[in-house]
Amino acid sequence: MNGMLGSIGLSLLLAATAAFAHHGWSEYDSSNPLQLNGTIEESGYSHPHGFVRLKTQDKTWNVVLAPPSRMENRGLSRDMLSVGNTATVVGYQNRNKPDEMRAERITVDGKTTELR
């Protein structure tokens with residue numbers, strides 16, 4: 001029984017550590033929200049987070065979205081993230097990767113989806 005409890009405890013610790021490491025949102029500058037408007041050049045609708053590559057007037061951004069299940073539940077379908085669609089994204093720039101942003105919300109085809 002003790003061995004089983006130890007294994008369960010270790011599993012929970014590893015899962016918590018992985019979740020914490022994965023959600024290292026402190027690398028994004030939440031003191032300076034950005035709004036980007038552009039065209040979707042590429043998109044992904046896979047775990048752990050979806051993404052779009054958004055071409056704006058100045059550059060192309062890698063935009064980190066929410067997990068696909070959350071996007072789907074909130075009405076942001078894979079089809080809405082199709083290449084060529086225009087989008088407006090509000091979020092925070094990565095402190096160490098100047099072309100990356102974590103999106104808080106995205107607007108496509110007049111529909112705004114809250115991602116966090």
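A few points about this structure:
- In the calculated pair-distance distribution of region 26-114, the portion above 16 angstrom amounts to 46 percent of the Cα-Cα pairs.
- Inter-site label distance for Asp99 and Thr39 at 7 Å from Cα along Cβ, in nm: 1.8 nm
- Within region 26-114: Cβ-based charge dipole about Cα centre, in debye rounded to nearest 20 (Lys, Arg +1; Asp, Glu -1): 80 debye
- As a length-normalised measure over Cα pairs under 8 Å and 6 or more apart, the relative contact order of region 26-114 settles at 33 percent.
- Ser30-Arg78 pseudo-label distance in nm [points 7 Å out on the Cα-to-Cβ vector]: 3.1 nm
Taken together, the values in this text are just the output of simple stated rules run on the coordinates, not laboratory data. These numbers come from a predicted model, not from an experiment. Positions of Cβ are backbone-derived with ideal geometry, glycine not excepted, and every protein chain shown enters the neighbour counts.
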